[in-house]
Structures are given as C-alpha cells and as structure tokens.
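Working notes for the structure below.
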Amino acid sequence: MQIDCFTLSMNQGEFLSEAIDSILNQAVGVNYLVYDAGSSDGTIEFLEKYRPGEFSKIFVNGDLGPSDGLNFGLQNATGDLFYYLNADDRLLPGVFSYVTQYFLDNPECDVLHGSINIIDSSGAFVKVLPSMEFSLKGYALGYAVVYQQATFIRNRVLKDVRFNIENRISWDGEFIVDLAIKGARIHRTRKVLGEFRIYSESISGSTNYKSLAKQQHKIISAKILGRNRTPLEFFFAIFFRTIRALSRRISPQIEYIN
C-alpha cells in the first residue's frame, strides 16, 4: 500500500528538518513531496542538502495560500493513501505501519483520524488531544473535529474534492467536511499519530486566530446545515462541547503506538 505524503513549507526552516525526518524515519516507504512556496529564510538551501532520491522537492515563487499548495499535492497523488504534514508539525514513529495495516484490515474506511500531541516551539510536550467521533452535525455544532496531523485519506475519495483556497484558517476542517458530504466513510482511532506545534508565529497561535476561526466555522456550519445555526443549537453546542471537554479530561481514552 503506497502512501503519498505532502509537506507545505513557507519560512518555517527552523522546524522543517523535524517534520521531514519524522516522515523519512517511518518503517514504511513513502512517496514524499516537499513543496516550498517561496521561503526567504534559507529553507530552499537547506532542502537542497538532502540526498537525491530521499524525497521530491518543488519550489514555486508564491501561490494563493496553503489550500492552493495542498491542491497541487492532491493533483500529484498517485498512491493508495494521502497524508499531509505541515513543515512545523511532526509524525510519531511507527504510524505508517499502523495506518497501512488499518486500511488493509478495514477496506470500507475512506478516512482514518486519530489523536495528537500539542507541542511548543521547542518541540516539548504540552498536552494530548484525544480524537473524537466525527459527524457532520457534530462539526456544524462545534463538538466534533478532526486533527489534520493525524488524518489519512484513501485516494479513491479525492477525485472530485479540493481544498477551498478562500479558506485561510480552517481549510483542513472544511476539506474533511466536503469529503463527508460526498459520502466518505470516516473512522476514528484512539492512537496518537501526530504532533501539532502551536506557537505565537503560527496561524493557530496568532492573537486573532480564534475570532477568524469562529467566522469561518459559521460558513462551514451553514454549508452542512443549509442554514445558520439557531440560538437553541448555539447554546446546545456550548453545553455539549463543555461536557465532552470534561469527559476527555477525566478519561482521555488515548493509546500510543508501541
């Protein structure tokens, strides 16, 4: 089973080697492409130091944002599974072996998502976020999310789905929603598969991220429901998110790959 792996890079050279090594050190071979959108921090020179054949490299002089770059990756995906890892995140050891076996054992599964570790700028562990059962209604109401760093997608469901280049905050969440709307069967594992680095210079760590994410979520929610959320649904969502957060804190229900 072939995995196509894609990494976006844009002025994140200080973290990039960790991301690349976390892919190359997997026991399972991978068709790996690193895409740089015009870094000016020495990333291009750094990438050229890797031996030919370890992975493919594409350099462009700017694009329309992360979604545009990811769509390039989708267009060049030829394997059985597609996985993308941002240049400042990491994949945990043994994940490719676990994931390929899971898809072989579960041929009906189109998307597999798992739990993640949150790490800081130095790579130190902060906390773990357990995976949640995904549903479109749950996403619309804000109590079901999928973590991109721990998500693998079967190539057969990618044919007519692309990342929304207008979405610059939660393009990964909207992509999963679009797959689910088209009927993709989404499975959850408790295994911790990836690591998400949050720091002040990252999109998720920026001061205005939460307000922008809320605005984008309203748009995606309306896409799912065909309308805006009602006031009752809004308060129900707050209640349900709180209950789930407490439940996950009391009983995280996570597992690590041995």
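Any read-out appearing in this document is the output of simple, stated calculations on the displayed coordinates, not a laboratory observation. Predicted model only: the values in this text are computed from it and were never measured. Positions of Cβ are generated from backbone atoms using ideal geometry, with glycine treated the same way; all protein chains shown enter the neighbour counts.
Pairs exceeding a 32 Å alpha-carbon distance, out of LYS191/LYS223; LYS49/LYS210; LYS49/LYS159: LYS49/LYS210; LYS49/LYS159. Sorting LEU47, LEU24 from the fewest to the most surrounding beta carbons within 10 angstrom yields LEU24, LEU47. I want to verify a result. In a Gaussian network model of the chain, Cα cutoff 10 Å, which of these has the top mean-square fluctuation: ASP88, ASP110, ASP120? Evaluated over the chain, the most mobile residue of the options is ASP120.
Taking 8 Å as the Cα distance limit and 6 or more residues as the minimum spacing, I'd like the relative contact order of the chain as a percentage. So the answer I get is 21 percent. Hydrophobic, long helices, defined as DSSP H runs whose alpha-carbon span along the helix axis is 27 Å or greater and whose mean Kyte-Doolittle value is at least 0.0, occur in the chain at 231-250. The ranking of MET1, MET132, MET10 by Cβ neighbour count inside 10 Å, starting from the fewest, reads MET1, MET132, MET10.
Where the only charges are on Cβ atoms (+1 Lys, Arg; -1 Asp, Glu), what is the dipole of the chain about its Cα centre, to the nearest 20 debye? Please list the in-between numbers first.
Numbers: 27 positive and 28 negative charges, 267 e Å.
The calculation lands at about 1280 debye.
In the stretch 149-191, taking the dipole from charged Cβ atoms about the Cα centre, the farthest positive-side position among GLN149, VAL161, HIS187 is held by HIS187. Reported to the nearest whole Å, the Cα centre-to-centre distance from the stretch 193-238 to the stretch 1-74 is 27. Cβ crowding within 10 Å, taken as a proxy for footprinting-reagent exposure, orders THR78, THR7, THR100 from fewest neighbours to most as THR78, THR100, THR7. Taking the alpha carbon gyration tensor of the chain, multiplying each eigenvalue by 5 and rooting it gives semi-axes of 28, 21, 19 Å, largest first.
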